[in-house]
Amino acid sequence: MTKRGRFITLEGGEGVGKSTNVSFVAECLEAQGLEVVRTREPGGTVRGEAIRALLLDPAPQEPLHVDAELLLMFAARAQHLAEKILPALARGAWVVCDRFTDATFAYQGGGRGIAKERIAVLEAFVQQGLAPDLTLLLDMPKEAATKRLESRLNDRQEQRDRFEKEQGDFFQAVREAYLARAAQAPERFAVIDAQHALVDVQAQIEQTLSARVTAWC
Ligand code: TMP
């Protein structure tokens, strides 16, 4: 029987360097000879990416209701699980996902103020017990993350998306909600101090991964 693959997620607020480190994690696992599926949320499938565009569109003319935002996150996730994540895990591939449901608890829960209990109902409905095996939470103080986000947007001449347009209090609440979730599930989370130079951050990630991969393989 094929051994089920492992599900690894990367989380953190805006500007903490997640995308670069998603690639790094995928490369570390591939170097161990593992099949890796790299993906992201919201998105990861054609329909999920269409939902992502709707969620990130900063168009101010029609505000998106917070419950509609929450349900769209889970709609994209249901498609992503059915079409990509579950089949990959079943064939023994490892899935490395840029954000998953911890982001919903942090952004829609902490940031938007939706009660965790309501989010947990949707989590149970959509995921039916599936949870990541390991979550790397890239953490840094809000001020440092905001600076990095601004310089990235300037360098790439990018416009802010609907979430990036939020203000400091929102990002502070997101960070606190992430840290609270990590404290509640320390066996699943590894909190990475992302304030340091990239090589140091990646050394922390590599150390966490090598301990887990050895234990799992
Ligand atoms: P990204 O910038 O990391 O690609 O993510 C897109 C945005 O979506 C980011 O600002 C966080 C937000 N988000 C939520 O608000 N809830 C969620 O469940 C997920 C997965 C992302």
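In the chain, the DSSP-assigned H stretches of four residues or longer account for a calculated mean residue ellipticity at 222 nm of -16000 deg cm²/dmol, using -39500 (n - 2.57) per stretch and the full residue count as denominator.
Length available on full extension from S151 to A131: 0.36 nm per residue minus the Cα-Cα distance, which gives 3.8 nm. Taken one residue at a time, the phi angles of region 24-37 give Karplus couplings (6.51, -1.76, 1.60, θ = phi - 60°) of 4, 4, 4, 5, 4, 6, 4, 5, 8, x, 8, 7, 10, 10 Hz. Gly and Pro are set to x. Using a Förster distance of 22 angstrom, determine the FRET efficiency expected from the C-beta separation of Q207 and S23, and round it to 0.05. Calculated value: 0.80. The ranking of D133, D98, D67 by Cβ neighbour count inside 10 Å, starting from the fewest, reads D67, D133, D98. Stretching D169 away from L64 to a fully extended chain increases their span by 35.9 nm, per 0.36 nm per residue minus the current alpha-carbon distance. Each Lys or Arg adds one and each Asp or Glu takes one away; over the other residues whose Cβ falls under 13 Å from the Cβ of K18, this sums to -1. Annotation: amide H of R40 within the under-5 Å range of D98, sequence separation 5 or more or interchain, hydrogens built in the peptide plane. Cβ crowding within 10 Å ranks C28, C97 as C28, C97, fewest other Cβ atoms first.
Modelled spin labels at R188 and A215, positioned 7 Å past Cα toward Cβ, are 1.5 nm from each other. For the chain, the relative contact order is 32 percent, taking Cα pairs closer than 8 Å that sit 6 or more residues apart in sequence and dividing their mean separation by the residue count. Between region 68-99 and region 181-198, the C-alpha centres lie 22 angstrom from each other. Legend: P(r) of region 119-182 from all alpha carbon pair distances, 10 Å bins from 0, whole percents, reading 16, 37, 31, 15, 0.
On the beta carbon distance between L179 and A90, with R0 = 25 Å, the FRET formula returns roughly 0.15. Between G111, G129, G44, the GNM of the chain built on Cα springs shorter than 10 angstrom shows G129 fluctuating the most.
Mind running the shape call on region 93-217? Use the C-alpha gyration tensor, a ≥ b ≥ c as the square roots of the eigenvalues: rounded below 1.5 for a/c, prolate if a/b tops b/c, oblate otherwise.
In terms of gyration-tensor shape, oblate.
Translational diffusion of region 7-216 was estimated from the Stokes-Einstein equation, with Rh taken as the Kirkwood radius over Cα pairs; at 37 °C and 0.692 mPa s the coefficient is 187 µm²/s. For region 1-120, the fraction of alpha-carbon pairs lying more than 23 Å apart is 35 percent, rounded to a whole number.
Read the figures in this text as sums done on the coordinates, not as results from a lab. Being a predicted model, the structure only gives us computed values, none of them experimental. Neighbour counts are summed over all protein chains in view; Cβ atoms, including those assigned to glycine, are modelled from backbone coordinates with ideal geometry.
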